[in-house]
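Read through the structure below, which is laid out as structure tokens, and then see the notes.
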Amino acid sequence: MSNIDKRALRHSAESIICILENIAGFEPSDIDGDSVELRFETEDGFDTGCDVSIVDQCQKTADVVRALLDELERNQQYIKRRDQENEDIALTVGKLRVELEAAKSKLNEQREYYEGVIADGSKRIAELEAREILLPERSSMLHRTDFHEDYQTVMAYKVSEVIAAIRAAGIRIKGE
């Protein structure tokens, strides 16, 4: 029901209430037919009145009460739907909180695990960086730098001795 309909219904209800209250002020002996003459004084001081049909007013009252009851029922159904939605939302929030806590717990477990992996890896890197290879003495070799120069002597390692030094340091060599 729109606000305009509600206002019109309220205005109609107030008008009917006023008429019914006036009719209620009559003595039963004063009512001798379907209508009652209502007399009242306006704010300006004028005496005025009207004839009101009791049957018409009863029907209008019934219509207004029925409309109010229908509106009340619609509002109660709306409230019930909203309560159900709120309950569903609360259940969903509860489930999400449980899932969040489980995810946080799993994340903490994984963090602890990977911190250990990182620590082990750092330790292994330090071990590898600490290894030293004791290279053998270099030997002199002759080689030619170009066709115009004389032969020249160069100091170089013997391959077999370098391989032996690498193995002695505990480093494996691929391709042998």
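Remarks
- The alpha carbon radius of gyration of the chain, expressed as a multiple of 2.2 N^0.38 Å, is 3.31.
- Annotation: segment 1-102 has a Kirkwood hydrodynamic radius of 17.8 angstrom, from the mean reciprocal C-alpha pair distance.
- A full extension of the chain between S12 and I125 corresponds to an added length of 31.7 nm, given 0.36 nm per residue minus the alpha carbon distance.
- Straight-distance crosslink candidates among lysines, where the alpha carbon sits under 20 Å from K6 and sequence neighbours closer than 8 are dropped: K60
Coordinate-derived values only; no laboratory data. Treat the numbers as computed from the prediction; the structure is a model and nothing was measured.
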